[in-house]
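What follows is a short report on a single structure.
Please treat every number below as a calculation from the coordinates, not as lab data. The shown structure was predicted, so the numbers you read here are calculated from the model rather than taken from an experiment. Neighbour counts are summed over all protein chains in view; Cβ atoms, including those assigned to glycine, are modelled from backbone coordinates with ideal geometry.
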Amino acid sequence: MTNRGVWIRRSIASLAAATLAGAALAGAAMAQGLVRNEDALVALYTLQSQIDVERKLLKTAETQYEANLKRRGELGDRLARLHDELEDLFVQDKPDAPARTAPNQARPLSEAEVRAAVDAKETEVLAVERTETAAQDEARRMRDDIRRMRTRISLLGKQLDALRASLPSDSDSVTGMWDLTLLPSGDRGVFALWQSGTIIAGQYVLDGPFHGSLEGTLVNRQILLRRIDARLGRSMELSGYLSGDGASIQGTWQNYDLSTGRAPSGAWSARKRKSVPSESPAPGGEPAP
């Protein structure tokens, strides 16, 4: 197994434990009947983060499977050629077989040379067969890992749907996960917001990396947020307008901390996450494992 394959399998094992813990937390929360949007959003954020990591691991595993599939094809072709060469040599390995000239040689091979060539080719065939068997075994392990990841993504997706159903509708509240873009820098991030009446609170992660809390208000679809960074403290104010369908926000921002050399102001946009995890196609164009 390659070092990359070992890393994938260890990552899958570690993530499986984290996924089970997070899923248990979310499941317990749903079983108790979530009353507060804050509780639902924490579980929602946990599940979405796990799905994002699982998808990255799945993509890496499928890439590795594609490489394995290509390797198995190459080994199969090589093995077929070696078997043809072996059979050709074996025909010559007869007491009454006519002497034949080997490639790149001026004289026919002797009986001893033919026998030595047969033995060498047998050894080469055996080595390639062992390599092919190892590649086939690795492919089976990869398919098992990919199946498990797909199953986890599907189960987590169902829990995510159940949690989303417990939250207010998109048009009525900003509660949920938002993908954010800050201009002119192009920095991206994620806002986890929950709303109670006109009051908004939340957490965020931005490129940098920066993370911290959010607080603000929503009145007549006008949103005002104050960003409180874990390291910088009160660092930014964002204002904007919530779209009629509650799915996007457009606005401007102002930076309180001018010591970083970053632009003092700019524009921002955010879009609410609605995507539902879906099953990935089988790797290598083969039937779903």
Subject >> Set of lysines with alpha-carbon distance to LYS70 below 27 Å, sequence-local pairs under 8 removed >> reply: LYS56, LYS59, LYS121
Original post:
If packing is taken as the mean number of other Cβ atoms within 10 Å per residue, what is the order of 214-225, 69-80, highest first?
Top reply: 214-225, 69-80
Subject >> ³J(HN,Hα), Karplus 6.51/-1.76/1.60, whole Hz, each residue of region 116-127, x for Gly, Pro >> reply: 5, 5, 4, 4, 5, 5, 4, 5, 5, 4, 4, 5
Original post:
Label ARG130 and GLN250 with points 7 Å out from Cα along Cα→Cβ: what is the distance between them in nm?
Top reply: 6.7
Original post:
Can you work out ³J(HN,Hα) from phi for every residue in region 77-84, in order, using Karplus 6.51 cos²θ - 1.76 cosθ + 1.60 and θ = phi - 60°, giving whole Hz and x for Gly and Pro?
Top reply: 5, 5, 5, 4, 5, 5, 5, 4
Original post:
LYS70 versus ARG147, label points 7 Å from Cα toward the beta carbon: distance in nm?
Top reply: 2.6
Original post:
Which translational diffusion coefficient, to the nearest whole µm²/s, is obtained for region 173-243 from the Stokes-Einstein equation, given a Kirkwood hydrodynamic radius over C-alpha pairs, 4 °C and 1.567 mPa s?
Top reply: 106
Subject >> Qualifying lysines (Cα of each under 16 Å from Cα of LYS274; at least 8 residues distant if same chain) >> reply: LYS158
**OP:** Place a +1 charge on the Cβ of each Lys and Arg in region 176-272 and a -1 charge on the Cβ of each Asp and Glu, then give the dipole magnitude about the Cα centre in debye, rounded to the nearest 20.
**Re:** 40
**OP:** Describe numerically, in nm with one decimal, the distance between label points set 7 Å from Cα along Cα→Cβ at ARG231 and at ALA263.
**Re:** 2.2
Original post:
In sequence order, what are the phi-derived ³J(HN,Hα) couplings for region 202-215 according to the Karplus relation 6.51 cos²θ - 1.76 cosθ + 1.60 with θ = phi - 60°, rounded to whole Hz, with x for glycine and proline?
Top reply: x, 10, 8, 9, 10, 3, x, x, 10, 8, x, 10, 10, 8
**OP:** List every residue whose amide H lies under 5 Å from the amide H of TYR256, counting only residues 5 or more places away in sequence or on a different chain, with H placed 1.01 Å from N in the peptide plane.
**Re:** MET236, GLU237
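Using only the Cα atoms of region 208-262, build the gyration tensor, take square roots of its eigenvalues as a ≥ b ≥ c, and label the shape rounded, prolate or oblate: rounded if a/c is under 1.5, else prolate if a/b is larger than b/c, else oblate.
On the way: a/c = 2.37, a/b = 2.11, b/c = 1.12.
Taking the square roots of the gyration eigenvalues as a ≥ b ≥ c, region 208-262 is prolate.
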